[in-house]
Every structure is written in structure tokens, then in C-alpha cells.
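Notes for the one structure printed next.
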């Protein structure tokens, strides 16, 4: 039984993490921290967890945490994560960081997109990008996992087979993504106020969303043996629903392609990945909501490849993949507590 | 053409007011004030109004307002209204106040429920309760209208015929009310954050909602010739939708009653009221949404009278009835700009 | 490992049942039947189950079913259940019937409310009402379980302690209930068409809903040692959300009562019931959605007891309590697969 | 006062038409027809219209209609429209057809996409495409208007300035469109059942939607003086909301372009169009819901032009533009009853 700390326990992803870990035979949540909720019971923050666990939030203290936990899931805002990670690593606590702080390998790119200097460049070098479908081999031995973003996982898993096989042009790839509102976090904001977000649909951060360089970086890595950098045009939209992301992706094939062959390619590429479902119908977000599945299909329309992919942003896009990483790191079957 | 000021222009009711008044042949919005949005165009606050009016928010100033407007609609929070009303009245500006400040006739009751002393008791004595269906005769000459609350209008109009005819017991009347989220205003709050309010249903302020004494007071007045005070048990609930209130009301008849007779009573009682629709089917909020209608029916179930009534909280429950009052005050047909 | 049949596999409750049973260490779904979907894979009916089970719907055949399953969950419409149950019981298959066919003990009451003669009066006599919180002792040996209705469970569990202790008047109990749309089943209907049900709120079947006699019957049984029949005034409403029921209940106390004492009574009454959470805040449906919990609290308002209770209509109100019954029948801990 | 017939009165667009026309000083709805609702009052079909009009649905009869109406709005399914139009035109009734039957100028293309032979090729030749922003001059004298599709208007208005000025490549234009559910009509279907469509997001008819050839045809016409055919890749999606379409469009510029210049081009192009709002912020569907406005902006992202545009599918996308056409045909200001 591994002692687990949830650092930054008040957010939605942390609530999902706790819920999943309560059913994990090899994990026990022993620490929950929250700066603004010190002394508050976890089930007061998350009433859905009432009667499920007897735990009170404390302030973050690396020493006390290390006494009770061998792994920490970090549900902190960016910059807060990189302030906490070094102390945890030094004390031998393995870290699964759900923030963006360790996802971009180049600190200059990080500074460009996040507006802050990176303060733990050493950590950045050791971090492993926690997308098991692509980096399953590197995760078991990692001490610091950069858990991927939700839009990012959707986009990368949807495009990886095409990029790996060098079947598409690498620039001008259009990722038109749509997300439920929980992806924006738990803090109230004017545009997320119910009467504003409900019965409404709009794009936001067009051309400026911070998941863009993350998608570029990982897909470029996926295709590094056969070509140059991948550059996506990424447009996120807000859907009036709680959960789920669907990405509609338009790519230009480098040569003749057939739907059937491409679907076979996807099946082969993900043959060892229990949470990827290559479907033939058009995926709907609701079918993967509350699961750790990633559903994907594709069509060829007037010469473009149209990939349609979805997942639950809080689970496969955050807490679920984090537990998938935990499973790989601590020797559990990859699907433990996730089916 | 009457010059109209919208004081506190940033809220939802004010947006509806402006939208309605743009189609009013006898009104022109000449002033919009907003403390926190001074210098901001009204259509920047409310993008739905783009190209509809060329007006910029200013700070509230009674002198400048009085130069351009003969009537002011106040979309202010309680206590802010009673701070502004005396200055307006002194300058001959007639006021339609959408806050609760002038609704309760007894300043002690006000202080009890709102936690503040009333600072304009003189104004309180002159204010007319702006529910045209009950006080149509008093409104034309009023200089200060207390525009009713949304739950209040629903509950009062639903019960008035039964109370006026002294057909029901006056205590133990149960008003189980359900409202869309816009009723809670435009300011973001944790429980109104989209992922919290969406796909959720709950009661709030059980036994403590401030519309309770307002319902009691007006219904008591309606029935004053035949009996004592009315006392309702009022339970508000939040519905995951933008607009609309439905009240399900349970009353105990004082003697034998028949559905058909009671429906006839309602039709007679509201014969002169163009916005009351006595329907035979069960009313659904959506049929009165975006209108100034109040829909009502009733059933007798195991000896109780069950009244079901609904309206749009932002229109018949706020901005629409305010324009209805404006029409009566300025000699327009009651339905002008409201059909 | 107990072989399980899902009879009538296409509905929402059946989908939830299958999903829950996939995580049950002592159950294996070996048969799925559906009249209109014979030959269709279960995961084609329910795409959320893709990759989870390899099973194809067949026509209902009691002999073939009995070869592979020791228990059958019936997700059939009323009248269809009582047509299938005798054949299953004769073959030694234990039945958990999610329809209404075996809930009302008096076939005359059944005929009155459902408009059909009961065709299995013998079965009716042996059926056990499957609400473990009240009938936990009788369930283990039952061969035929009448799984309670969703509104029914909410109402009964909310009122049982008050009735058992004879603390309230037994007539005039008002149950104002609100349900998400999945409670109405999977068959498309005009009033459940998205643009009709969305952003809408209304009552339906006022005074006529078929859960009324079921609530009366069970609560009367709960209070039989201390008084006469319970009679509720039941008003169901449709909430624009997928799941969840909240009941707001108004009861008249027979003598002086205090909130604190009543909450203690509830805690004691349900001390052995792991899925009942007596909470102090006002329960919101979202906190029990996707769980088997029933959340309840109460307030005293102007002399009435106001009980507020909620549950997930598809889980604690249908599939979850069905598995709770299965657990009791087959010797598993009551919470297996349900936390 | 022009007598108006609503043929096919039961749908959503017809309800909106009636609602708008009730406020039109120059129109009176004198006839409503509905095959399946003969003898039913219009306000029984559409309870929101209660007390607004006293009209009963009749069967369609061209003679009787022509006696009372000079113009007919057709809210019929495709193929039903072309069966009714010739009889109306022969009797001198001008027609505004909201179906797709007269939109595609080439009957072979029609047969390809709709699976039926066109039976009124003569009518097809006289029909005018009713998009006033592009064909304002031809509408006043038209006797048969093909009212555009909702996705179509959104896409065409969003791209017309770029195509007219020959600024973009004409193939590979990606139109990723998202629509509220009312766009799919009033007939219940399994995928539009509330618990299926709610909290769900998916694409449908990828590469196969019938609005594709309509978009191609009109944009090709818009750009005919400077280049060849336009070919869009059109992907519609279903958004869990009642109303509103947002299209996110990706086009490849033929040469260097600047955002500011392009926005100016749009302002100039639509200078005479009172319902087009060229905005600088990102448009949200809610700001044009319940209005006849079309909101549009654009961004340049990594060398692509990204156009974002929205409108209310039932108003600017159907009933509103139909009244705009009516206004032009009958000599009213274009905005009458539409602001």
C-alpha cells in the first residue's frame, strides 16, 4: 500500500484523483494539502466524498508529507508546482505534476508562453512526459512525471500515428477543439458564470492557447526520425457541458490514403494501449465521460484527413492518466482502478 | 418621448430593460450609470446590444441625470437604492426601483430580513408596490414604484384570487419555488460557477429567503377585508437553466372546492390583466420565457389545492413588469413594447 | 462467480447495471436479451461499454437463460415483467425486477393505477420489496425482488424515520419531487426532445403519478404498529439535467420537535445503512450523482418539518439498489461494486 | 396589411415566424396549415403563443389559401415544398420557401444530395436565393424565394468578402460548424432525446451534410468574376444548447494579409447590411440568440485566416431572414419587426 499525497486538493482534478484512488487496492491517500483550506475536511471541499475518507487539509510541508507519502500528485497552478517539486524530489517523494510546469522541455518556450522564468531547469531535464501511450517505457523509472494537458492528450493521441508514419504535412495541421467547462478549473470567473456559459458557444484564446507548444513539441518528437517540426493551428472552444473534449482535426496527406488502411494503422499503433478505442462510428464525448478512454476515428473528406477524437478532460485528460502513470511507476497493471 | 435613465446598467435586468425600451415608441434611454463601469460603452457590457444604442456608462449624479431623464429605473443592490432614491425624487425624477428597498412597508421587518436599518422611511411611505395586476389604479400617479421580486410576483399572482375570496387557510401555505440561475444576478459566485450549477438541483435559503415577508405582506393586504395575516412556507430551488420560475403551491381549502370553479374565478379575477394566462394544461417555464406573461393553472389533489404558476424572472419578474409600470405611469397602453 | 442475465438490455438502468457488474468480483454478465435488438452487440447499444464486454443480445428464452444465469435483472416495461417472471422462477432463476409489476402488494391497486389486470398474483405474494434500508432481513432469502421506483425510494427513505416513530400526521404529507430526464427512460418522446426539455421546467402527472400508491403502501407498512395509512400528495417535476432526484417534503409534526433531535433520529435509524448520508447542509443532486448514496437532511420552518433528500435515479434509484439486493441475496458485502 | 400564410405551421421556424409577424405592422397571419394538425389551434401547437392569435390549422389547399394570403412562408420538409409551390405561384401567391427545394440551381446536384428528382425545374429557374446581404437587388421583384439554410448563411456570410476579393485559395476551405439542437427540427429522434444530446458533443454527417453544395454554389457565384469554384470541407457538430450556430473557418490566403485590413474589408462589404455586425472580440452565440444579427470577426494564425461567425439558426438562419425577404418584397424597411 503506497501512501499518496494530494497537493492542492481543492480542484476538480484532485477530487477525481481522490475518488479513483479510493478504489485502488495499492494506494492510500494519507495527505491532502490546500493553502486556502487548511483545517478543512476534504469532504467539506468535495461533498460528493462524504463518508468516503477521513482526512483534513493541511498546509504544504515537504518534510511532513515525506513521512507519510511516497508519491505526490500536484494539482497546483503553474509556477506553484515548480516551487514545490524540488523539495519533494530531494526527500525521495516521487511526483506526478498535473500542472504545465514540467511539460515544455525548453525553458525559453516555457517563459514565452507562460510569462515566467522557469525556476527548476534541473528538474525539467529529468521530467518524463506522462503520456503512457507514447512513453510507456520511460514512466516506470521516472521520479517526476509531467502529466499532459487535456487538449494536448486529445490532439497528440489523435495525430501520433499519422505523424509517426510520416503520412501528413507537418504545418497547417488544424486542431479545432471543443471542451466542457470543467477544463477551465474551479475558480469562478465572469465568462464561466452559469448564465453566461450556459446556452452559449464560443472560441477563446484563438491562436494563443498554451497547449499549442505542448502539442507541437510532443508531435515533433513522435515524428523526429522522419521529418521536421510539427506546427498546429489550435482553436479551443467552450461547450456548455461539464466534461469532455472533442477535437476535430484536419490534416493534409502527403500521398494517397484510404480510410480503412488508416484505421488499421491506428489499431496497430495502439494495440498495447487498453484505454484507446479506435471506433468506426463518430465518437461522442458522452461515451467516454467518466471513463479513462480515448475514442478516435477518422474520415477522408475532399482530400483531407479528418480525425475525430474525444476523452474526458478530468479523467483521461488529467486524473485518470495520472493514475495510469502511478500504476506504471509502482508496478500495478496499467488499468488498476481505471476500469 | 420620455427620457429614461438606467441606474446600475450592468446587470441582467438592466440589459432586458434596455432591450425592451429600444422597441418602445415613447421612451428613449438617455442615461446609463454604473459605478464600476464608468466610461464603458453599454454595448461593451452587453455585447448582445451591439449596434443598438450609442451610450456610455457614467457615474451616478442626480443633477445630471435629472437634466436628461424624467424617470429612472434602478437596477441597484438593496441599500444602494435607498441611498439614491431621495435625491432623484427631490429633483422630480420618477423612480421605478427594482431592488427590495421599498417593497416592505414596515422598516422593522426590512431591518429584520435585510440586516440594515432603512434610511428613507419617508420614501417608504409614498412607494407604491408595482404589481399592476393588483394595484393598477395606484400606479399611474406614483412617483416611486417598488418593483416586485421575481419569486414574489409568481407566488402572489398564483395565490391572490384564493386569498381575496378567502377560500384557503392562511397559514401553512406551501410555496415550493424553482428558479433559473439568472435570478441570482450577474456576479460570479462559487455555487453559480457553471460546473457547479450545471446538471445540479438543490434548495437554498430554506425558510430564510427574503422574498418570504414580501409575499406574506402583499397577500395579507389582498385578503385584509376577510381575514388575518397570510404566512407562507417558502422554499426556493435552483434549476440548471437560464430563466424562468415555476412555483408549485399547496393550499388547504376552507370548504369544498371544484377545479372548474376555481379556474373560472382566476379568469374573472384577471380578466383585465393582459399578461395573465389562465391555462388548463400544466404550465412549463419555456412557454413564458422571453415574454411578459404569467401562466397559471391549478389542480385539486387529495383535498389540497395545488397551484402551478410560472413566469420569466427577468421579464415579468423584473424588467417587463417595470416597463408595465412605466406604461401605466406615462399614459401608454399597458402592453406597449411588451408583446 | 454468479452468472447474471440482463433481460431488456437496451435501457439506461440496464446500461448502469452492466457497468456496475463489470466491476463486481462475484458476478459475470452471461446473457443479455432485447426483443428489438436481437443479434446486436451490447456495446453497439451502449457505445460507452466498447471494449468492456463481448456479448450479443438474444431474444428472451427462459430455458436458455437458465442454463447460463442464476439471477436475472429485469429492465422491462411493466406487464412485460410479469409475463417473464413465472418462467424464470420455475427454472430456479432468482429475479430482481426493476419494473413496477411486483411492487404493489394488492393486485386491485395495481389494476387501478396501471390499467391492467395482474397476471401473476402468486408471484406477487412471494415478492420482497427490495429496499435494503427497510427490508434488509428479508432480502437474502428472496427469490423475487421488486426493485423500488426512483421517486419512491427517495420519498420513502426521506420519511421512514418520521413515520416509524409516529412523529408526523399521516395525511396531507406533501412530496414535491424533481427528477432529471433519464428517469423517463430511453424512448424518444415529444416532451423529452432536447429543444423541448432543455431550459424548461414543469410539473407532470400532478396527482396521478404511479409512484404514489407505492410510497403510500411502504410508508404505511413502516408505520403500521403505531397508526393508520400514510397518504402523500405527490408532485413530480422534470429538471433539465440527465440524472438526480431531489424531493422536498413537507410534513406536519404531531407534537413539538427539534431539528437536532430529528437529525439524530435519522442517524440512528440508518446507522447500519452504508449508503444513507444524513448531512447537515442542504443536499444537492450533483453530490450523489454517479453514486449509490442517498443524501438527506431536514429543517423546521414555521412549524412544518421540511425534509430534503436526493439520490441518483439510475443508481440508488434503480441499478445500484438492484446490485445492493444482489449482494444481499448472494452473500456479498452490501457495498461490493457500489463504492 | 398583407395577408400571410404559414404552410407547415408546427415546426420551430414557423413558430418563430408567427411570433415575429405578430409584431409586424404590415403583415397579418391569416392562414396556418398543417397536415397532421388539421383542426388544432396554433397556440395548442405552440403554447408560448397563447392569447396572441386566434387561428386554427387547416389542411393545405391552394385555392382557399390564395383567397386570404398574398404570400406564403413554407415550413415544409424538402420534396413537400416543391409539391406545393407551383400551385401557389399559379394563383399569384408569392412564396418564401424555407426548405432546401429551391436552393440548388442544378437539379442534378439536388438529386445527388437529396436523393430525389426535382419535380419543379421551371420553378427552380425563377427562384431567387434569399440572402439579402448578397442578393438584395433581386429580392424585391421575386415571386419565389429560396430561403437559405442556417449553416449555409453562416458560412457564406463569413466567407463572402474574402471570396469576392479573391483573397483566399478556393479549395481546402475548412468550415467547422457547431449548432444548437433546434436546427435538427422538432421531430423527436433517438440522438436528440434529452439524455442523449444533453452533456454531449459530437460531429455528424462528416463530409456528407446537404448544406455543403449550397455553400459551394453560392460562394462560387460570389467569386465568379475572379476565379473558379469554391469547395469547402464542411463538418457540422451538435452543441447541447437550444439555439445558435458558430462556424470556425480556416482559409489559406493567396498573398500577405493583415487582420486590420481584412476587418475593414468586412465592414465595407457589409456597410449596407443592418444585421451584420463585424466585431473585434470573439463572437459568442448567446449575443445573437433571439436576434436577427450575424456576428463575425477574424484572426490570422500561423498564416491561416480564421473566421469566426455566428447567428441564431431559427432567426437569422431561418425565420428572421425570411421576414427580411418579406420586407424587401413588400416594400417595408429591411429591419421592420426584426429589431
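What is the pair-distance distribution P(r) of the protein assembly as shown, computed from all Cα-Cα distances in 10 Å bins starting at 0, with each bin given as a whole percent?
Percent of Cα pairs in each bin: 2, 8, 16, 20, 21, 18, 11, 4, 0, 0.
Using r as the Cβ-Cβ distance of residue C:35 and residue B:165, and R0 as 56 Å, what FRET efficiency do you calculate, to the nearest 0.05? Could the numbers behind the result be given before it?
On the way: r = 55 Å, r/R0 = 0.97.
Between residue C:35 and residue B:165 the formula returns 0.55.
So what's the back-of-envelope 222 nm ellipticity for the protein assembly as shown, counting only DSSP H runs of four-plus at -39500 (n - 2.57) apiece and dividing by all residues, rounded to 500? Write out the running numbers ahead of the final one.
Values: 48 runs with 408 residues, N = 1356.
Only helices count here, giving -8500 deg cm²/dmol.
I'd like the distance separating the alpha-carbon centroids of region D:119-148 and region B:190-218, in whole Å.
52 Å
Quick check: the distance between the Cα centres of region A:230-301 and region B:272-329, to the nearest angstrom?
Region A:230-301 and region B:272-329 have Cα centres separated by 48 Å.
Using only the alpha carbons of region A:151-313, determine the length spanned along each of the three principal axes and report them from longest to shortest in whole angstroms.
47, 29, 29
Run the label-point distances for residue B:280 please: 7 Å along Cα to Cβ, every other copy, nanometres, shortest first.
In nanometres, ordered from closest: 5.3, 5.3, 5.8.
What percent antiparallel are the DSSP beta bridges of region C:2-126, to the nearest 5? Write down the numbers at each step before the final one.
Details: 1 of 16 bridges.
Once the DSSP bridges in region C:2-126 are tallied, antiparallel ones form about 5 percent.
In whole angstrom, how far apart do the alpha carbon centroids of region C:65-98 and region B:15-86 sit?
67 Å
Roughly what angle does helix C:211-222 make with the longest principal axis of chain C, taking Cα atoms, 0 to 90 degrees, to the nearest 10?
Between helix and principal axis, roughly 70 degrees.
Taking a ≥ b ≥ c as the square roots of the Cα gyration tensor eigenvalues, with a/c under 1.5 meaning rounded and otherwise prolate when a/b beats b/c, else oblate, which class fits region A:105-193?
oblate
In whole Å, what three semi-axes, largest first, describe the equivalent ellipsoid of region C:272-336 built from its Cα gyration tensor (square root of 5 times each eigenvalue)?
27, 12, 9
Label position 7 Å from Cα toward Cβ: report the copy-to-copy distances for residue D:40 in nm, one decimal, ordered from shortest.
When each copy's label point is compared with this one, the spacings are 2.7, 4.5, 5.1 nm.
Please work out the ratio of the alpha-carbon Rg of region D:194-257 to 2.2 N^0.38 Å and round it to two decimals.
Numbers: Rg = 15.5 Å, N = 64, 2.2 N^0.38 = 10.7 Å.
Cα Rg divided by the expected 2.2 N^0.38 Å: 1.45.
To the nearest 10 degrees, how steep is helix D:150-164 against the longest Cα principal axis of chain D, on a 0 to 90 scale?
Roughly 40 degrees between the two axes.
Using only the Cα atoms of region A:10-57, what are the Rg and Dmax in Å?
Final numbers for Rg and Dmax: 10.0, 30 Å.
Within region D:158-177, list the residues whose amide N lies under 20 Å from a label point set 7 Å along Cα→Cβ of residue D:225.
D:158-170
Assuming a ≥ b ≥ c are the square roots of the Cα gyration tensor eigenvalues, decide whether region D:225-336 counts as rounded (a/c under 1.5), prolate (otherwise, with a/b larger than b/c) or oblate.
Details: a/c = 1.78, a/b = 1.38, b/c = 1.29.
Prolate shape, in that a/c is at least 1.5 and a/b is the bigger ratio.
Just the projected area, averaged over all directions, of the convex hull on the alpha carbon atoms of region A:81-154: how many nm²? Intermediate results must be reported in sequence, preceding the final value.
Working: hull surface 19.3 nm².
Averaged projected hull area, Cα only: 4.8 nm².
Inside 10 Å of the C-beta atoms of C:296-307, what's the mean count of C-beta atoms belonging to other chains? Write out the running numbers ahead of the final one.
Working: counts 0, 2, 1, 5, 2, 9, 10, 4, 5, 0, 7, 0.
Rounded to a whole number, the mean comes out at 4.
Between 0 and 90 degrees, rounded to the nearest ten: what's the tilt of helix C:12-21 against the longest Cα principal axis of chain C?
Once rounded, the angle reads 80 degrees.
Rounded to the nearest 5, what is the percent of antiparallel bridges among the DSSP beta bridges in the protein assembly as shown?
Percent antiparallel among DSSP bridges in the protein assembly as shown is about 45.
For chain C, what size does the Cα cloud have along each of its three principal axes, sorted from largest down, in whole Å?
Principal axes ranked by extent give 60, 45, 39 Å for the Cα atoms.
Considering the rotation that carries chain A onto chain D, locate the chain A residue whose Cβ comes closest to its axis and report the distance in whole Å.
Output: A:176, 2.
Going by a ≥ b ≥ c, the root eigenvalues of the Cα gyration tensor, does region C:31-168 fall in the rounded group (a/c under 1.5), the prolate group (a/b larger than b/c) or the oblate group?
Working: a/c = 1.96, a/b = 1.60, b/c = 1.23.
Taking the square roots of the gyration eigenvalues as a ≥ b ≥ c, region C:31-168 is prolate.
Distances in nm, one decimal, shortest first, from residue A:166 to the same residue in every other copy, taking the label point 7 angstrom along Cα→Cβ.
With the label placed 7 Å along Cα→Cβ, residue A:166 yields 3.9, 8.8, 9.6 nm.
What distance in nm separates the two pseudo spin-label positions at residue B:302 and residue B:63, each 7 Å out from Cα along the beta-carbon direction?
6.7 nm
Within 10 Å of each Cβ in peptide D:207-216, how many partner chain Cβ atoms are there on average? Round it to a whole number, please. Could the numbers behind the result be given before it?
Working: counts 6, 2, 0, 0, 0, 2, 0, 0, 0, 0.
If you average over the peptide's residues, the count of other-chain Cβ atoms is 1.
Would you mind giving the mean number of other chain beta-carbons within 10 Å of the Cβ of each residue in B:163-176, as a whole number?
Working: counts 0, 0, 0, 0, 0, 0, 0, 0, 3, 6, 1, 9, 0, 10.
Counting Cβ atoms of other protein chains within 10 Å of each residue's Cβ and averaging gives 2.
Compute the FRET efficiency between residue C:116 and residue A:187 as 1/(1 + (r/R0)^6), taking r as their Cβ-Cβ distance and R0 = 51 Å, and round to the nearest 0.05. Kindly include the intermediate steps, with their values, before the conclusion.
Details: r = 54 Å, r/R0 = 1.06.
FRET efficiency, residue C:116 to residue A:187: 0.40.
Between residue D:272 and residue D:141, what FRET efficiency comes out of the Förster formula 1/(1 + (r/R0)^6) with R0 = 22 Å and r the beta carbon distance, rounded to 0.05?
Values: r = 18 Å, r/R0 = 0.84.
For residue D:141 and residue D:272, the calculated efficiency is 0.75.
Share of antiparallel DSSP beta bridges in region C:1-76, in percent to the nearest 5? Intermediate results must be reported in sequence, preceding the final value.
Numbers: 1 of 12 bridges.
In region C:1-76, DSSP labels about 10 percent of beta bridges as antiparallel.
Could you work out which residue, out of C:82, C:241, C:329, moves most in a Gaussian network model of chain C, that is, has the largest mean-square fluctuation with Cα springs under 10 Å?
Among C:82, C:241, C:329, the largest GNM mean-square fluctuation belongs to C:241.
We did not get these values from a lab; they are worked out from the coordinates using the rules stated. As the structure is a prediction and not an experimental result, all values here were calculated from the model. Because the Cβ atoms are built from the backbone with ideal geometry, glycine has one as well, and the counts that use them run over all protein chains shown.
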